[in-house]
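In what follows, a single structure is set out as structure tokens and then discussed.
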Amino acid sequence: MRQQRSRRASLSASLKIGDHWGHCRTQEEEESYIPFAQDSLVRQWNSMQNVAGGKQEKSQTPIQRNKYLLNINVGGKLFQIAYKVLARYPVTRLGKLALYTDPVKKLQLCDDYLVQKNEYFFDRDPSIFHYIFHFYRSGVLWVMDEMCPSNFVEEIEYWGIHLKYSQRCCRILLEEKRDELSEYLKIEKELEAELEPLESGTQFDGKFLGPFRKMVWNLIENPYSSVPAKIIAVMSSFFVLISIVGMTLSTVEEMKNKTGKMWMEQMEMICAIFFTSEYLMRLISSSSFKNFLRAAFNAIDLVAILPFYIQILFENLDDGDMQYHEELHKVENVSKLGKVLKLIKLMRIFRILKLARHSTGLRAFSFTMRQCYQQVCCLLLFIAMGVFTFSALIHSVEHDVPGTDFTSIPCAWWWAAVSLSTVGYGDTVPDTILGRMVAFVCISFGIILNGMPISILYNKFSDYYAKLKAHEMSQSLQLSRRIRLKERVLRKFSECWSADPRYYR
């Protein structure tokens, strides 16, 4: 007899399999009767009981082999299936097990084989095998809603059963659940990538000035690594707000005097120095210069500091050109240079995007827009269609009215856009009854159009924001545990009180 292979640790050695049915059925009854596995067929036992009562069992219950039924043990539960039924599906694993005559090939199909009971063991999920067992009996593979689609597909692939044997309704529901699960896992993976920094501290091992660059990287990119890193993150947001406030106040008439300009220039210089230092620290701590240039946040940082240096360069060129043009009495290019300088100064507004690096809400909003770009593009398409349609309709019914503002379809675009957005400035209104009816339909369409994607975007935004906030709170809690500021302060006070002899009087 072939030597029995060692069984796995998960082969349910504490289970005793027994058949409660007699063996007095005829061949036709054996082939037609295929019982489902029942809990009553399984009873507890241990190995010591098996050793102690092995001789009694052998003497009391002689081994009877049935050549018409195949004994299958799936995860500790016994199933009996007729060979004739399994032979109908020769491509499946059990079909091959029933048709093969070579014992070596049979052992390759199962996980273990019990010689005493002629029982093939499979270390698989018995709850899902109930549906596999039902498939062999009825020829139809049923799929339940409460089952995990990935686990079910993995199980049927193991048993060699194709999904085409299931009903169309079950197959559609299963495929929908698989698509939803894959989409959910994809979003979770991208959200984890959004939470994690672009680089890790382990990338500096073995590189030039690795410990120093790692320390700088933790200060700049990982605000929850230490207290100085958190302070730098707060200072970055503070200087962004100061820069935006300074740019706003520079347009006020009262601040355009000499003293106001001097204060604004000094504030801008301080902010530019801080942003430049921050950018250089990120550049030094980057492990890959190419990846550093590709990062969106680093591009925003570069746009935040470029206007300051370009403004200095253009002002120097402006002074030299003024002397040259005063001699030649040509100042046309100087005015053009001033317009370019104003445009460069306006680029400082992009500094507010730096807040997205340390703002959970802005990161969640950006992630929501990336995940819902199809819905957003579809909304913009509907808005464009509505603008063109209703502008054409309002022009066709209002162009004959004397003194009308709808002289052409492009002139009616602004009215259609304002009406679809339900803003309604009232600067352009229709005069005829047909025109007002068109305006009513346009406003109603705008209400319906604006209401459709709001719930989708809001639900996804709230979900992403909650996950980002939970991750941020976990990191903040870890930092607070490391700092233990409150405990340290109380310990210092207790030490001071115990050291002062006046408290013992």
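Here, each number is a calculation from the coordinates, and none is a lab measurement. In this text the structure is predicted, and so the values were computed from the model without any measurement. Neighbour counts are summed over all protein chains in view; Cβ atoms, including those assigned to glycine, are modelled from backbone coordinates with ideal geometry.
Brief remarks follow.
- Exceeding the 21 Å Cα-Cα cut-off - candidates Lys67/Lys164; Lys261/Lys354; Lys67/Lys105; Lys261/Lys345: Lys67/Lys164; Lys261/Lys354
- Label point distance in nm, Trp414-Lys189, each placed 7 Å from Cα along Cα→Cβ: 4.9
- Here the peptides 247-258, 364-375, 140-151 are ranked by packing, the mean other Cβ count within 10 Å, and the order with the highest first is 364-375, 140-151, 247-258.
- Among the chymotrypsin sites (Phe, Trp or Tyr not before Pro) in the range 415-473, those placed in a DSSP loop whose Cβ has at most 11 other Cβ atoms within 10 Å are Tyr425.
- Mean separation of Cα pairs under 8 Å and 6 or more residues apart, divided by the residue count, gives the range 69-193 a relative contact order of 21 percent.
- The residue list Pro149, Ser182, Cys169 was ranked by how far each Cα lies along the charge dipole of the range 69-193 toward its positive end, using unit charges on Cβ atoms, and Cys169 comes out on top.
- Working from label points 7 Å from Cα in the Cα-to-Cβ sense, the Ser462 to Val303 distance is 3.1 nm.
- A Förster radius of 51 Å, combined with the Cβ-Cβ distance separating Thr259 from Val153, puts the computed FRET efficiency at roughly 0.10.
- Modelled this way, with points 7 Å down the Cα-to-C-beta line, the labels at Lys290 and Thr248 are 4.3 nm from one another.
- Assigned charges on the beta-carbon of Lys, Arg, Asp, Glu; the range 174-314 dipole about Cα centre (debye): 760
- Were the residues from Thr276 through Asp431 laid out at 0.36 nm apart, the gain over their Cα-Cα distance would be 50.0 nm.
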